[in-house]
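Data block below; observations after.
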Amino acid sequence: MTQTWDPQTYGRDGAFVHKLAGGVVDWLDAQSDERILDLGCGDGQLTARLAATGAIVTGVDASPDMVAAARALGIAADEAPAERLPYADASFHAVFSNAALHWVRGQDEMMDEVRRVLTPGGRFVAEMGGHGNIAAIRVGLMAVLARHGCGDREDGVNYYPTPSGYKRRLERHGFTVERIDLIPRPTPLMESGMEGWLRTFRRGVIESLPESLRATVIAECCDLLTPALRDEEGNWVADYVRLRFIAQLSA
């Protein structure tokens, strides 16, 4: 299922994505005048933070609407899929990515492109969904979809690897993995709660359903997930698990 993005909805219901990126930004340790590619830059909020370090940052995203939002912030951003980057060989000292790689269908093609655009000795630093990410949400959504005869709509939406499996994949593409961690990170959602999360991060799935069924699926999924992910004060906490890594290309 192809995911689609609305920058306005994302900015309202998905702001936690860039606000909680401090750990992977620390791992990147951007330096002044370094050329850095933000792979899957989204609406450019985090890209702007990287640029504030003095690094020369370029954003790239497959969503034309997100690229437009990033450009509106003054970000140099290009529209392209991660599997076909529009840059010359050895263009960047570092490739950075936050909360985007689990959306990439062609993981091997993406890694080949990252290797190609990095300078020798360059680094690939990223955080993505890891094994077990949003497990309760996915099971709940799949159960509701199956009840309505649409059980396959969640198939293949995301890729959430284990550290060992992703380490081996990176190594096959010529990277030396310095560190890779699986990090449980229960994540408080915005005021719109689980409904807002579904409408933002499963927009493609929801929009693939008959219009008359969409609100029902969202409501039933929220009801099913309430005992596990909603506290006694009505706050939603998503069961996020992040995979964070830093890998280096041979000099």
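Taken together, the values in this text are just the output of simple stated rules run on the coordinates, not laboratory data. A quick note: this is a predicted structure, and the numbers were derived from the prediction, not measured. In this analysis, Cβ positions are derived from the backbone assuming ideal geometry, glycine residues included, and neighbour counts consider all displayed protein chains.
Here Thr9 clears all of (1) buried (at least 18 other Cβ atoms within 10 Å of the Cβ); (2) among the β-branched types (Val, Ile, Thr); (3) part of a helix (DSSP H, G or I) except the condition numbered (1). The helices (runs of 4 or more DSSP H) falling completely within the range 163-218 that include 3 or more residues that are within 19 Å of Gly130 (Cβ to Cβ) map to 163-172. Residues in the range 219-251 that are of a type in the set (Gly, Ala, Ser) and part of a strand (DSSP E or B) were compared, and the one that is surrounded by the most Cβ atoms within 10 Å (Cβ to Cβ) is Ala247.
Pairing residues of the range 1-26 that are over 20 Å from Glu191 (Cβ atoms) with residues that are among the hydrophobic types (A, V, I, L, M, F, W, C) and loosely packed, with under 15 Cβ neighbours inside 10 Å, at Cβ distances under 9 Å and at least 6 apart in sequence or on separate chains, gives Gly23/Ile183.
The C-beta contact set for the range 174-202 (first residue free of Cβ contacts under 8 Å to residues at least 40 places away in the same chain and within 14 Å of Leu229 (Cα to Cα), second residue surrounded by 16 or more Cβ atoms within 10 Å (Cβ to Cβ) and not aliphatic (A, V, I, L, M), distance under 6 angstrom, 6+ apart or interchain) comprises Glu195/Cys222.
Per the listing Gly149, Gly140, the residue uniquely without any contact (Cβ under 8 Å) to a residue 24 or more places away in the chain, closer than 26 Å to Thr200 by Cα and not charged (D, E, K, R) is Gly149.
Could you list all residues from the range 160-181 that are out of contact with any Phe, Trp or Tyr (no Cβ under 8 Å at 6 or more places or on another chain), among the hydroxyl-bearing types (Ser, Thr, Tyr) and surrounded by 14 or more Cβ atoms within 10 Å (Cβ to Cβ)? Scanning the range 160-181 gives Tyr160, Thr162.
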